[in-house]
Amino acid sequence: MINIPKGTKDVLPQDSYKWHYVEDICKSVADSFCVREIRTPTFEHTELFLRGVGDTTDIVNKEMYTFNDKGNRSITLKPEGTAGVARAFIENGLTNSAMPLKMYYFSPVFRYERPQAGRLREHHQFGVEFYGSNAPETDAEVILLAYSVLTRLGLKVKLNINSMGCPECRKKYNDALKAYLKDNFDGLCPTCKSRFDTNPLRILDCKEEKCKELVKNAPKITDYICEDCSSHFEKLKALLDVSGLDYAVNPLIVRGLDYYTKTVFEFVTTELGAQGTVCGGGRYDGLIEQIGGPKVSGVGFGMGLERILLLMEAVGAKIPDEKQVLLYIASMGDDAKIKAFEIATALRNMGKGVKVEIDHLSRGIKSQFKYADKINAKFVAVIGENELSEGFVNLKRMSDGECFKVSLDELKDYNKLLNI
Ligand code: ATP
Ligand code: MG
């Protein structure tokens, strides 16, 4: 018996409608913000993530699925969605599009992490990327889009925001942070001790209790940002205020990726224990340039779909039932089976999305009824020799057992069935 790889999950036929429901809401909300879909490959050249995500991040250092292909190229399975979109943007000349260019994606994401509830080695993200605007309105729209998806799914979440400033502010802040941490160096976990030189900001993000305790009194980045960054942040807050969106400014949010500038945000819930972040994002004005493109700014987020589904389950969020099977055509005998097939084909070809099922296993009539019941068919029609010669069938409405006499031709008409 070969098992599923650790940290991955199957979506089984009885559950896939839940995914469709979530994906449809993501698409419909994105559509209302005039955002169009982009699809990029599941793997990219490793170099893209080294440059795009940053080679001092946990994702790049510890979590990437990297291998050499048969042509000896270093390939990496996407560890996040943004870098691939940025690469496609540059490579396809989308820099000449009317700006802002608004895109969304659904993507599998691969990270070699310690699997636990809500933390997988392959998970899926819905994400958006808005390019070509420096305005705080764009940051606000991105945040509202995520919020709108989450609330339409019936979820209650808290929004935390912060500003990470620009590289200029960051340099000043890094110095202040290092000065503070230097005095407390012995109290840091071993990973943070090594982060001290390479990427001290990451220490704010550490999940170790002793580091969390230490950074509580660290200098706050919002006290170090320049006038431009600070005015951007104030405007964003004003826009969120008029949108009626509650938020908290949390100076410890720095996000796991190096490319962020100015705005960063997270939507969190307390329902999922440790894995409470369902969506994270921010602004990245330097990313496109960093991977070889022109100076074009971006804002976006990534939303973990597995975590959203877990959360929906935890809070009992309603997911509409699957569409009902309209008709099960029971049949006895070879000629009747052919007729049943013909009727099912005609109904399916009407293109109205009706669900029709027939007997595939040559079951007896009684077990065909049992099966129709199991798949929750609305109507069952029985075709045997008599029905074939008379041209009429009994159509049984399963909810109350009432029967209707319908001609074989009428059975091919979806409107007829709907009017019963
Ligand atoms: P975390 O702090 O939980 O590790 P992250 O900062 O690594 O999250 P992002 O890189 O911002 O997360 O990814 C965006 C979203 O994708 C997260 O908010 C979360 O919902 C989801 N996500 C991230 N990693 C995983 C994972 N290993 N398994 C399932 N979902 C994940
Ligand atoms: Mg992570």
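The values are calculated or read from the model by the stated rules, or taken from the named source; none is laboratory data. Computed from a predicted model, the values in this text were never measured in an experiment. Cβ placement follows ideal geometry from the backbone for every residue including glycine, while neighbour counts extend to all protein chains displayed. Ligands, DNA and RNA are excluded from the accessible area calculation, which covers all protein heavy atoms including side chains. Shrake-Rupley method; radii C 1.70, N 1.55, O 1.52, S 1.80 Å.
Along Cα→Cβ, 7 Å out, is where each label goes; now give me the distance between the ones at PHE341 and LYS172 in nm to one decimal.
With each label placed 7 Å out from Cα toward Cβ, I get 7.8 nm.
Which whole-angstrom value gives the distance between the alpha carbon centres of segment 237-284 and segment 17-46?
A separation of 20 Å, based on Cα centres.
Report the paramagnetic label zone for ASP223: residues of segment 162-200 whose backbone N is under 19 Å from a point 7 Å from Cα along the Cα-to-Cβ axis.
162-166, 169-185, 200
Roughly speaking, what is the stretch gain from GLU385 to ASN419, that is 0.36 nm per residue apart minus the C-alpha to C-alpha distance, in nm to one decimal?
Numbers: separation 34, 0.36 × 34 = 12.24 nm, distance 2.68 nm.
Going from the current span to full extension adds 9.6 nm.
Under a Cβ-only charge scheme (Lys and Arg +1, Asp and Glu -1), can you give me the dipole magnitude of the chain about the Cα centre, in debye to the nearest 20?
The dipole magnitude comes to about 560 debye.
Over segment 184-235, calculate the relative contact order: mean separation of alpha carbon pairs under 8 Å at least 6 apart, over the residue count, as a percent. Intermediate results must be reported in sequence, preceding the final value.
Details: 27 pairs, mean separation 14.7, N = 52.
Averaging sequence separation for qualifying contacts and normalising by length gives 28 percent for segment 184-235.
Determine the relative contact order of the chain: mean sequence separation of Cα pairs under 8 Å and six or more apart, normalised by residue count, in whole percent. Could you put the intermediate results ahead of the total?
Values: 708 pairs, mean separation 62.8, N = 420.
After rounding, I find 15 percent.
Write down the accessible area per residue of the chain in Å², having rolled a 1.4 Å probe over the full set of protein chains.
Roughly 50 Å² per residue, with all protein chains present.
Run the simple label-point estimate for ASP334 and LYS62 please: 7 Å along Cα→C-beta, distance reported in nm.
Those two pseudo-labels are separated by 6.7 nm.
Just going by the charge dipole of the chain, with Lys and Arg at +1 and Asp and Glu at -1 on Cβ, which of CYS226, PRO100, LEU272 is farthest out on the positive end?
Towards the positive end, the residue furthest out is LEU272.
In the Gaussian network model of the chain, springs joining C-alpha atoms below 10 Å, which of LEU245, LEU361, LEU257 carries the largest mean-square fluctuation?
Among LEU245, LEU361, LEU257, the largest mean-square fluctuation in the Gaussian network model of the chain belongs to LEU361.
In a Gaussian network model over the chain where Cα atoms closer than 10 Å are linked, find which of GLY302, GLY293, GLY384 has the largest mean-square fluctuation.
The residue with the greatest mean-square fluctuation here is GLY384.
Tell me which lysines have Cα within less than 22 Å of LYS355's Cα, excluding those fewer than 8 residues away on the same chain?
In chain and number order, the partners are LYS18, LYS323, LYS337, LYS339, LYS366, LYS370, LYS374, LYS378, LYS396, LYS405, LYS412, LYS416.
List residues of segment 84-103, by number, whose backbone nitrogen lies under 12 Å from a label position 7 Å along Cα→C-beta of CYS34.
Only 98-102 pass the distance filter.
Can you give me the % of accessible surface on segment 303-420 that is carbon or sulfur? Probe 1.4 Å, all protein chains present, nothing else counted. Provide the component values of the computation, followed by the final result.
On the way: 3230 of 6680 Å².
Reported share for carbon and sulfur atoms: 48 percent.
Quick one: in the chain, what % of C-alpha pairs are over 42 Å apart? Provide the component values of the computation, followed by the final result.
Working: 27548 of 87990 pairs.
For the chain, the share of Cα pairs beyond 42 Å comes to 31 percent.
222 nm [θ] for the chain, helices only, -39500 (n - 2.57) per DSSP H run of 4+, per residue, to 500? Let's see the in-between values first.
Numbers: 14 runs with 151 residues, N = 420.
Helix contribution divided over all residues of the chain: -11000 deg cm²/dmol.
Using all C-alpha to C-alpha distances in segment 275-420, build P(r) with 5 Å bins and read off the rounded percent in each one.
2, 8, 15, 15, 12, 6, 5, 6, 6, 6, 6, 5, 4, 3, 1, 0
Can you tell me which of GLU91, GLU390, GLU313 moves the most in a GNM of the chain? Springs connect C-alpha atoms under 10 Å apart.
GLU390
First select every other residue whose beta carbon is under 13 angstrom from the beta carbon of ALA176; then total the charges, Lys and Arg +1, Asp and Glu -1.
Numbers: positive: ARG170, LYS171, LYS172, LYS178, LYS182, LYS220; negative: ASP175, ASP183, ASP223.
So the surrounding residues net to +3.
Would you mind finding the longest exposed-site-free stretch of the chain, with exposed trypsin sites (Lys or Arg not before Pro) meaning DSSP loop and at most 12 other Cβ atoms within 10 Å?
Of all site-free stretches, the longest is 74-155.
Let's see if you can work this out: charge +1 on each Lys and Arg Cβ, -1 on each Asp and Glu Cβ, no other charges. What is the dipole magnitude of segment 327-418 about its Cα centre, in debye to the nearest 20? Walk me through the intermediate numbers first.
Details: 15 positive and 14 negative charges, 91 e Å.
Dipole magnitude for segment 327-418 comes out near 440 debye.
Projected onto the charge dipole of the chain (+1 at Lys/Arg Cβ, -1 at Asp/Glu Cβ, origin at the Cα centre), which of THR57, ILE329, SER148 gives the Cα projection farthest towards the positive end?
THR57
Which pairs break 32 Å Cα to Cα here: LYS193/LYS235; LYS9/LYS295; LYS235/LYS295; LYS9/LYS235; LYS182/LYS262?
Values: LYS193/LYS235 36 Å; LYS9/LYS295 39 Å; LYS235/LYS295 23 Å; LYS9/LYS235 42 Å; LYS182/LYS262 26 Å.
Beyond 32 Å between Cα atoms: LYS193/LYS235; LYS9/LYS295; LYS9/LYS235.
Could you work out the relative contact order of segment 327-418? I mean the mean sequence separation of Cα pairs under 8 Å and 6+ apart, divided by the number of residues, in percent.
Computed value for segment 327-418: 33 percent relative contact order.
Are there GluC sites (Glu not before Pro) in segment 182-276 that DSSP marks as loop and that have at most 14 other Cβ atoms within 10 Å, and which are they?
Working: sites: GLU208, GLU209, GLU213, GLU227, GLU234, GLU266, GLU271; in loops: GLU208, GLU271.
Those satisfying the criteria are GLU208.
Using a basic spin-label model with each label point 7 Å from the Cα along Cα→Cβ, how many nm lie between GLU410 and LYS374?
3.1
Quick one: Karplus J couplings for segment 191-203, per residue in order, coefficients 6.51, -1.76, 1.60, θ = phi - 60°, nearest Hz, x for Gly and Pro?
Calculated HN-Hα couplings, in order: 5, 5, 4, 6, 5, 3, 8, 7, 7, x, 4, 4, 4 Hz.
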